[in-house]
Amino acid sequence: MLVQDYKTVAFTRYEKVSTMLFETHPSVAVMSFLPSNRMRRLLAGSPISTGNFDAIVTQAYASTLRRLERLAYRLGPVLAEHGIELRLGKAQRRAQLVDALPVPRAAALCT
């Protein structure tokens, strides 16, 4: 039950901060990516444990990339309003590199 309490506190804090951000800075655009359903098993453990770190990081990277690719048509214009160009080539090459590496692979995402 303690694990669920940590997760609830973290999400509640996120909701409060994002609401406050929208109220104080209405011109700010915020894009949040929640973990995909595929990651439920990995995230079911303790948020303090490092046992699943590599799998969580690499799968979260791949999942976020897939979502960015699917939503680029919608996110691109929003980012452009803030002077940001959505280019996914480097992230796609990094994901392919990580897929080809033996475990652990998370460190390759930090270089």
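The values are calculated or read from the model by the stated rules, or taken from the named source; none is laboratory data. Since the model is a prediction, treat every value here as computed from it, not as a measurement. In this analysis, Cβ positions are derived from the backbone assuming ideal geometry, glycine residues included, and neighbour counts consider all displayed protein chains.
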Practice task
Give me the pairs, please: first residue somewhere in the stretch 82-111 and surrounded by 10 or more Cβ atoms within 10 Å (Cβ to Cβ), second residue anywhere and assigned to a helix (DSSP H, G or I) and among the basic types (Lys, Arg), beta-carbon distance under 8 Å, and either six or more positions apart or on two chains.
Solution key: Ala108/Arg94; Leu109/Arg94
Completion exercise
From the option list Arg87, Arg70, single residue qualifying as basic (Lys, Arg), out of contact with any strand residue (DSSP E or B) (no Cβ under 8 Å at 6 or more places or on another chain), in a helix (DSSP H, G or I) and at pLDDT 95 or above is Arg70
Exercise for the section: Can you tell me which residue among Val9, Val28 is farther than 22 Å from Leu109 by Cβ, not aromatic (Phe, Trp, Tyr) and not in a helix (DSSP H, G or I)? Expected result: Val28
Problem - Failed item, numbered, when Glu15 is tested on (1) in contact with a helix residue (DSSP H, G or I) (Cβ under 7 Å, 6 or more places away or on another chain); (2) part of a helix (DSSP H, G or I) - result: (1)
Practice task
Go through (1) surrounded by 11 or more Cβ atoms within 10 Å (Cβ to Cβ); (2) free of Cβ contacts under 8 Å to residues at least 24 places away in the same chain; (3) more than 16 Å from the chain's Cα centre (by Cα) one by one and return the number of the condition Gln59 breaks.
Solution key: (3)
Handout entry: Residues satisfying the stated conditions in the stretch 5-27, i.e. at pLDDT below 85 and exposed (fewer than 10 other Cβ atoms within 10 Å of the Cβ)
Key = Asp5
